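The values are calculated or read from the model by the stated rules, or taken from the named source; none is laboratory data. As the structure is a prediction and not an experimental result, all values here were calculated from the model. Here the Cβ positions follow ideal geometry from the backbone for every residue, glycine too, while neighbour counts run over all protein chains shown.
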Amino acid sequence: MKILISNDDGYLAPGLTALAEAMSAIADIMVIAPDGNRSGSSNSLTLDRPLSVTRAANGFYFVNGTPSDCVHIALTGMFGFKPDLIVSGINNGQNMGDDTLYSGTVAAATEGYLFGIPAIAFSQVHGGWAELDGAAQVARELVERGFADLPRPFLLNVNVPNLPRAALKGIRATRLGKRHMSEPVIRAKDPHGREIFWIGPTGAVRDAGEGTDFNATAAGFVSITPLQIDLTHTAQLDALRKSL
Ligand code: MN
């Protein structure tokens, strides 16, 4: 088995190293990741300049671009073969509910999925890398599981509570919950007196009901949500047709 690995926290992130170690025990791995933290970059591709790929001392490749750039380059010519699986992460913090739209971690997996390759995004519920070993072990177990009953390709979003493996309650298939609107932007002045804005933190959880990713992880379970990319609001199609 050949596994392509990426992330959005950059090629030096402990979560990437942990995921690469876990995967190298069960597969041939290639690692290609951004040269720095590109969290929140979503599915963006860099089109206004060329990209360079550099090989680090540990064999990881790093790119002056986004997570989607990394996987795109890897799948469209850099490596001369198609991986069997793409894994992304382990992210430094949760990607649940609406986070998945902004997440570069999920986007790296999505890029593989769009190329027809099964993909799994992994995140720890809390940032800071506590109990990273437990999350890496979960990643390995889930990849070994294989998901033979799932149609190919699949796109799975996994969030792991920051607990030792033995303390995790189990694994639950979930739907995405929802958040409230983001917190307001933070206004400040730069040293020259010009107004600047910092994007505020994500909103508080609005739907953490039974069956959601928020609910499962709060109860100590690993959450796995199967994702799809079709944004069509099918239920509104008829109403729209009538209004035309
Ligand atoms: Mn990140």
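Hey, can you tell me all the residues within segment 221-235 that are over 24 Å from the mean Cα position of the chain (by Cα) and either among the aliphatic types (A, V, I, L, M) or surrounded by 10 or more Cβ atoms within 10 Å (Cβ to Cβ) (or both)? Can you show your working first?
Here is the first cut: in segment 221-235, the ones over 24 Å from the mean Cα position of the chain (by Cα) are 234-235.
Across segment 221-235, the qualifying residue is only Ala235.
For (1) under 25 Å from Ala27 (Cα atoms); (2) outside any loop (DSSP other than H, G, I, E, B), each residue gets a yes or a no:
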{"residue": "Val106", "(1), (2)": "yes, yes"}
{"residue": "Val143", "(1), (2)": "yes, yes"}
{"residue": "Pro153", "(1), (2)": "yes, no"}
{"residue": "Pro184", "(1), (2)": "no, no"}
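Please tell me if Ser223 is free of Cβ contacts under 8 Å to residues at least 40 places away in the same chain and of a type in the set (Ser, Thr, Tyr). First the steps, then the outcome.
Details: free of Cβ contacts under 8 Å to residues at least 40 places away in the same chain: no; of a type in the set (Ser, Thr, Tyr): yes.
Spelling it out, it is not the case that Ser223 is free of Cβ contacts under 8 Å to residues at least 40 places away in the same chain and of a type in the set (Ser, Thr, Tyr).
Pairs meeting the criteria (first residue in segment 202-214 and surrounded by 14 or more Cβ atoms within 10 Å (Cβ to Cβ), second residue aromatic (Phe, Trp, Tyr) and modelled with pLDDT of 90 or more, beta carbons under 9 Å, at least 6 apart or on different chains) are Thr202/Tyr102; Val205/Phe214; Asp207/Phe214; Ala208/Phe214. Scanning segment 193-244 for residues that are assigned to a helix (DSSP H, G or I) and touching a Lys or Arg at 6+ places or on another chain (Cβ under 8 Å) returns Asp213, Ala216. Would you check if there is a residue in segment 128-136 being of a type in the set (A, V, I, L, M), within 11 Å of Ala22 (Cα to Cα) and buried (at least 21 other Cβ atoms within 10 Å of the Cβ)? Taking every residue of segment 128-136 in turn, at least one turns out to be of a type in the set (A, V, I, L, M), within 11 Å of Ala22 (Cα to Cα) and buried (at least 21 other Cβ atoms within 10 Å of the Cβ). Answer yes if at least one residue in segment 107-115 is buried (at least 24 other Cβ atoms within 10 Å of the Cβ) and out of contact with any Leu (no Cβ under 8 Å at 6 or more places or on another chain), and no otherwise. Yes, segment 107-115 contains a residue that is buried (at least 24 other Cβ atoms within 10 Å of the Cβ) and out of contact with any Leu (no Cβ under 8 Å at 6 or more places or on another chain). Of all residues assigned to segment 71-86, at least one qualifies as being within 16 Å of the ligand (Cβ to nearest atom), at pLDDT 95 or above and in a helix (DSSP H, G or I).
A quick yes/no check of all residues on (1) within 10 Å of the chain's Cα centre (by Cα); (2) modelled with pLDDT under 95; (3) under 20 Å from Gly211 (Cα atoms); (4) not aliphatic (A, V, I, L, M):
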residue: Asn95; (1), (2), (3), (4): yes, no, yes, yes
residue: Ser103; (1), (2), (3), (4): yes, no, no, yes
residue: Phe115; (1), (2), (3), (4): no, no, no, yes
residue: Gly127; (1), (2), (3), (4): no, no, no, yes
residue: Asn157; (1), (2), (3), (4): yes, no, yes, yes
residue: Arg172; (1), (2), (3), (4): no, no, yes, yes
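Among the residues examined, Phe221 does not qualify as at pLDDT 95 or above, out of contact with any Pro (no Cβ under 8 Å at 6 or more places or on another chain) and under 27 Å from Lys169 (Cβ atoms).
Number of residues in segment 174-192 that are within 19 Å of the chain's Cα centre (by Cα), modelled with pLDDT of 95 or more and not aliphatic (A, V, I, L, M) equals 3.
Scanning segment 30-54 for residues that are surrounded by fewer than 22 Cβ atoms within 10 Å (Cβ to Cβ) and among the aliphatic types (A, V, I, L, M) returns Met30, Leu45, Leu47, Leu51, Val53.
Here Gly134 clears all of (1) touching a helix residue (DSSP H, G or I) at 6+ places or on another chain (Cβ under 7 Å); (2) within 16 Å of the ligand (Cβ to nearest atom) except the condition numbered (2).
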